[in-house]
């Protein structure tokens with residue numbers, strides 16, 4: 001079964017916000033991506049709304065529910081009350097919890113599932129009680145899987161940054177080995193596995209071939225950059241092919 005591709009539209013929103021104009025259209029490009037075969041859309045709204053804004057969340061929900069009933073909506077964010085309330089109002093299919101500081105430019109590490117065990121257990125229970133699938137952003141380390149499992153989460157999302165931006169082939173191979181080991185540990189523990197960060201057309205096929213149990217990848221920056229060259233529809237088709245579609 002191919003790995004599902006969820007298109008992260010944060011970079012599109014950030015480009016739009018640069019001039020505070022209605023283009024590029026977040027929902028318009030999301031529609032093109034879904035029509036081209038994307039399995040879902042991901043957003044990571046931050047408190048300063050430097051890319052995804054509150055209205056984007058609900059515009060995308062309306063698009064998916066009206067025209068793409070089988071597509072999934074994934075919302076990522078740090079589980080403060082503002083984000084949790086937004087999730088409860090928007091009702092995404094999946095909520096991915098990340099340990100971001102609001103000032104961070106982008107996610108760059110996974111949860112310390114031991115230190116934050118109480119917080120995560122409470123939040124996971126709250127979100128699952130609303131019917132959402134929950135995923136925890138996690139570094140590639142099999143030793144973290146048992147702690148993640150103990151929170152009650154449904155899935156983990158592997159932080160693939162160290163693999164994605166590795167310039168040295170030996171370093172990349174070592175990082176890939178960690179990702180595979182963590183995927184296998186999570187699968188053995190009954191957890192689903194997602195992955196994301198710095199994944200590209202060049203490094204995605206190798207990851208999927210080595211860890212076919214990955215259910216979903218969320219890709220934004222590289223996909224948006226490639227869309228400037230190939231167009232959004234063709235880019236989504238290329239990434240879907242890299243995922244095994």
Original post:
If you scan the stretch 129-149, which residues turn out to be in contact (Cβ under 8 Å) with a residue 24 or more places away in the chain, closer than 22 Å to residue 196 by Cα and not in a strand (DSSP E or B)?
Top reply: 132, 139, 140, 141, 142, 144, 145, 146, 147, 148, 149
Original post:
Quick one: would you say residue 13 is closer than 11 Å to residue 233 by Cα and touching a residue at least 24 places away in the same chain (Cβ under 8 Å)?
Top reply: no
Original post:
When the stretch 1-26 is examined, which residues are found to be out of contact with any strand residue (DSSP E or B) (no Cβ under 9 Å at 6 or more places or on another chain) and in a loop (DSSP other than H, G, I, E, B)?
Top reply: 1, 2, 20, 21, 22, 23, 24, 25
Original post:
Which one is nearest to the chain's Cα centre (by Cα) among residues in the stretch 80-94 that are within 14 Å of residue 134 (Cβ to Cβ) and in contact (Cβ under 8 Å) with a residue 40 or more places away in the chain?
Top reply: 94
**OP:** May I ask you to say which residue of 77, 131, 164, 147 is exposed (fewer than 15 other Cβ atoms within 10 Å of the Cβ), at pLDDT 95 or above and either over 19 Å from the mean Cα position of the chain (by Cα) or closer than 30 Å to residue 37 by Cβ (or both)?
**Re:** 131
Original post:
In the stretch 90-128, what count of residues is obtained for those that are at pLDDT 95 or above, out of contact with any helix residue (DSSP H, G or I) (no Cβ under 8 Å at 6 or more places or on another chain) and not in a strand (DSSP E or B)?
Top reply: 13
Subject >> Residues of the stretch 7-22 satisfying the condition of being modelled with pLDDT of 95 or more and more than 13 Å from residue 53 (Cα to Cα) >> reply: 7, 8
**OP:** Go through 52, 41 for me and flag whichever is in a strand (DSSP E or B), modelled with pLDDT of 95 or more and touching a helix residue (DSSP H, G or I) at 6+ places or on another chain (Cβ under 7 Å).
**Re:** 41
Subject >> Set 202, 173, 195: member being modelled with pLDDT of 95 or more and farther than 25 Å from residue 235 by Cβ >> reply: 173
**OP:** Give the stretch 194-218 a look and list any residue that's in contact with a strand residue (DSSP E or B) (Cβ under 6 Å, 6 or more places away or on another chain) and under 14 Å from residue 160 (Cα atoms), or say none.
**Re:** 194, 195, 196, 197, 199, 214, 216, 217, 218
Subject >> residue 29 vs. criteria surrounded by 16 or more Cβ atoms within 10 Å (Cβ to Cβ) and assigned to a helix (DSSP H, G or I) >> reply: yes
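The values are calculated or read from the model by the stated rules, or taken from the named source; none is laboratory data. These numbers come from a predicted model, not from an experiment. Virtual Cβ from ideal backbone geometry, glycine too; neighbours counted across all protein chains shown.
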